[in-house]
Amino acid sequence: MIRAVKSKAFDRVFSLYNHYYLLRRRFRSFTLSGSLDPQIVDRKGLDGVLPIAPDQPVVYFMNHSSWWDGLLLYHAAKQTSRGDHYVMMEERQLRQYAFFRKLGAYSINKDSASGVRTSLQYTNELLASGKRVWIFPQGEILHQEARPIQFRPGIGLVLRRFPQAIAVPVTLCHGMVQHDLPEISMKAGLPIVEDWKTWKSEEIANRLGRVLEQQLNDHRAELIRLGQGSLPDARSLIRGMRSTSEKYDEARKRVNR
């Protein structure tokens, strides 16, 4: 298993490179609806909802339909969250892109039982120390329209091992609507708080898979209804380069003056 070795110096440089070069050149927009630092209901009923603490252990589970997803969630977390975020990444990919270790990526080898156990133990250590962990429970990159969404049992094993963790569904929709550059819409759903140790790992995986599928369906349907690439309450995380059509329209206006 490959552990994360975060580097503050590398993170500072790469976050700027990712923001101003990689994402802005590749996408027209990237927006976030909801919060990666969610509020949870006060079970005692005294204060309504309470914001989670920066060191509150959180497991984010997200659909995985693009190579860019890791860089997008990294940017969203850097821009909007107070937590310390880590990402579980397929070992072969992490060996190929080893620099992700410096940003908080660590590996899992789903073809090795001992490798899976080691990765789950490391995940437990991260959560126990107040870190936040991102997981792609589908286990591979699949088209965003692929249904049903089925999770491997790993996320259930993680939550059973650390039942104090809050689970947060996150969906990403990629699309081109009125422009020739893709627009990315991210949505963070309502946090899920349960006594996870009373559930079987397969039950957790099945339940959270249904939650994410419903959220992704609703997310996609709302974007289609609006005819645009972002939700009404969304926060802008990047404003990318102008599309070809926008450049053409601007040039035509200058010519017609």
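Quick look at the values:
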quantity	calculated
Contacts under 7 angstrom Cβ, first residue in the range 98-114 being of a type in the set (Phe, Trp, Tyr), partner part of a strand (DSSP E or B), 6 or more apart	Phe100/Met89; Tyr106/Tyr86; Tyr106/Met88; Tyr106/Met89
Yes/no for Gln138 being modelled with pLDDT of 95 or more, of a type outside the set (Gly, Ala, Ser) and open to solvent by less than 60 Å² (accessible area, probe 1.4 Å)	yes
Residue list for the range 99-111, filter: in a loop (DSSP other than H, G, I, E, B) and crowded, with 19+ Cβ neighbours inside 10 Å	Gly104
Some residue of the range 136-148 being of a type in the set (Val, Ile, Thr) and within 12 Å of Tyr60 (Cβ to Cβ)	no
The range 171-193 residues that are under 21 Å from His64 (Cβ atoms), paired with ones that are aromatic (Phe, Trp, Tyr) and part of a strand (DSSP E or B) (beta carbon under 7 Å, 6 or more apart)	Ile184/Phe30
The one condition in (1) open to solvent by less than 20 Å² (accessible area, probe 1.4 Å); (2) in contact with a strand residue (DSSP E or B) (Cβ under 6 Å, 6 or more places away or on another chain); (3) of a type outside the set (Ser, Thr, Tyr) that Lys187 fails to fulfil	(1)
Residue in the range 121-138 that is of a type in the set (Lys, Arg), farther than 30 Å from Gly175 by Cβ, in contact with a strand residue (DSSP E or B) (Cβ under 6 Å, 6 or more places away or on another chain) and touching a residue at least 12 places away in the same chain (Cβ under 8 Å) present	yes
Condition check for Met89: of a type outside the set (Asp, Glu), in contact with a Phe, Trp or Tyr (Cβ under 7 Å, 6 or more places away or on another chain), open to solvent by 30 Å² or more (accessible area, probe 1.4 Å) and at pLDDT 95 or above	yes
Scope the range 192-227; condition at pLDDT below 95, closer than 30 Å to Arg26 by Cβ and in contact with a strand residue (DSSP E or B) (Cβ under 8 Å, 6 or more places away or on another chain); matching residues	none
Search result, residues across the range 171-191 that are in contact with a helix residue (DSSP H, G or I) (Cβ under 8 Å, 6 or more places away or on another chain), part of a strand (DSSP E or B) and at pLDDT 95 or above	Thr171, Leu172, Cys173, Ile184, Ser185, Met186, Lys187
Those residues of the range 145-160 which are open to solvent by 40 Å² or more (accessible area, probe 1.4 Å) and either part of a loop (DSSP other than H, G, I, E, B) or out of contact with any Phe, Trp or Tyr (no Cβ under 7 Å at 6 or more places or on another chain) (or both), in sequence order	Glu145, Arg147, Pro148, Gln150, Arg152, Pro153, Leu157
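The values are calculated or read from the model by the stated rules, or taken from the named source; none is laboratory data. Everything quoted here is computed from the prediction, not taken from an experiment. Because the Cβ atoms are built from the backbone with ideal geometry, glycine has one as well, and the counts that use them run over all protein chains shown. The protein model used for the area step is the full one, side chains on, heavy atoms only, and it has no ligands, DNA or RNA in it. Shrake-Rupley method; radii C 1.70, N 1.55, O 1.52, S 1.80 Å.
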